[in-house]
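The values are calculated or read from the model by the stated rules, or taken from the named source; none is laboratory data. Given the structure is predicted, the values throughout are model-derived calculations rather than measurements. Methodologically, a virtual Cβ is constructed for each residue, glycine included, from the backbone with ideal geometry; neighbour enumeration extends over all protein chains shown.
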Amino acid sequence: MIAAGDGGGGLRLRRLADRPGRSTLARTVYESLRALILTGELPSGAHLTEIELALRLKVSRTPLREALNRLARDGLVIHESHRGYVVAEFDLKYFEDAFGMREALDGYAARQATLHIGQADKDELQSLVRRCEALAGGQNRPLESLIEEMQLGLEVHRVIARASGNRMLAGTLGEILDRCQYFVWLELLWLDEWAAARREHAAIVEAICRGDAETAAALAENHVRGSKNNVLRFLKAKSAYRQFITGGMEPHRLGRADAPRRRSA
């Protein structure tokens, strides 16, 4: 039967066997492009040409297209009908929409997770917290380490949403988290909020694991609200500075009140 099907079914089996390698390559390309976007090497509004990216990353166009499709689902790039792929514009409206949804959903997810979480999810959350702590040491950390910690922090929120037992909530919040990556990166890297994020994630996880639903929800809401306020001040200060440079704002308007402030939590 296998021999008889080799012309059709056998070909499909060989293609399935090849998928892990292609999938790994596409994931590597995705992570490389995501890093270029997060660090600003591919700036907002940049047109992404497949041929140029393929040459730059030394890959074929097939894994590149898979990576671009995934970045589009994440909201980091946009596919336009006659231009191809373009790096998304991360403006104030986009930010307020994304974090407004997060603020509404993260607290609810933490509360529901506390009521429904199983031991496997508790173990995973605690493991994520430990992995973030392990990445914390040392000066001049490589970019890969910083991006890994950011992804682990986002995964804490994804696991909490999954542990809520509400698949719709987990799917919706997971999509929003994907679209918040750029702003999370701004806060962590440019405002140096790594330690605050670790403390807050650890406190949320601890409250969930001990069964304190109200505290877990409040901590999750405060965590998102603190991030939102920090990034909002940063974006407004950046916009005000741009206006000043182009002659659209008086120098006295750029006071300390416009500067980003560290979270106290």
- Verdict on residue 73 being loosely packed, with under 13 Cβ neighbours inside 10 Å and not hydrophobic (A, V, I, L, M, F, W, C): yes
- Positions within the range 189-207 being closer than 14 Å to residue 153 by Cβ and crowded, with 20+ Cβ neighbours inside 10 Å, in sequence order: 193, 196, 197, 200, 201, 204, 205
- Enumerated helices (runs of 4 or more DSSP H) restricted to the range 103-197, each holding at least 3 residues that are modelled with pLDDT of 95 or more and of a type in the set (Lys, Arg): 119-135
- Is it the case that some residue within the range 85-93 is within 30 Å of residue 234 (Cα to Cα) and among the basic types (Lys, Arg)? yes
- Query: part of a helix (DSSP H, G or I), closer than 20 Å to residue 93 by Cβ, without any contact (Cβ under 8 Å) to a residue 24 or more places away in the chain and not acidic (Asp, Glu), is that true of residue 238?
  - Reply: yes
- For residue 107, are the conditions met, namely being surrounded by fewer than 17 Cβ atoms within 10 Å (Cβ to Cβ) and in the same structural domain as residue 231 (by TED's automatic domain parsing)? no
- Query: Of (1) under 17 Å from residue 41 (Cα atoms); (2) at pLDDT below 90; (3) of a type in the set (Lys, Arg), residue 93 satisfies all except one. Which?
  - Reply: (1)
- Whichever residue in the range 110-134 is of a type in the set (A, V, I, L, M, F, W, C) and crowded, with 16+ Cβ neighbours inside 10 Å and, among such residues, is farthest from residue 38 (Cα to Cα): 117
- Message: Suppose we filter 66, 89 for residues that are surrounded by 15 or more Cβ atoms within 10 Å (Cβ to Cβ) and either touching a residue at least 40 places away in the same chain (Cβ under 8 Å) or in a helix (DSSP H, G or I) (or both); which single one remains?
- Response: 66
- Message: Return the pair list, or none, for Cβ contacts closer than 6 Å from residues in the range 172-189 that are within 13 Å of residue 232 (Cα to Cα) and in contact (Cβ under 8 Å) with a residue 12 or more places away in the chain to residues that are part of a helix (DSSP H, G or I) and of a type in the set (Val, Ile, Thr), at least 6 apart or on different chains.
- Response: 183/231; 186/231; 187/231
- Query: Is the range 137-146 home to any residue that is touching a Lys or Arg at 6+ places or on another chain (Cβ under 8 Å), in contact (Cβ under 8 Å) with a residue 12 or more places away in the chain and crowded, with 17+ Cβ neighbours inside 10 Å?
  - Reply: no
- Output for the range 208-223, where each listed residue is surrounded by fewer than 22 Cβ atoms within 10 Å (Cβ to Cβ) and in a helix (DSSP H, G or I): 209, 210, 213, 214, 215, 218, 221, 222
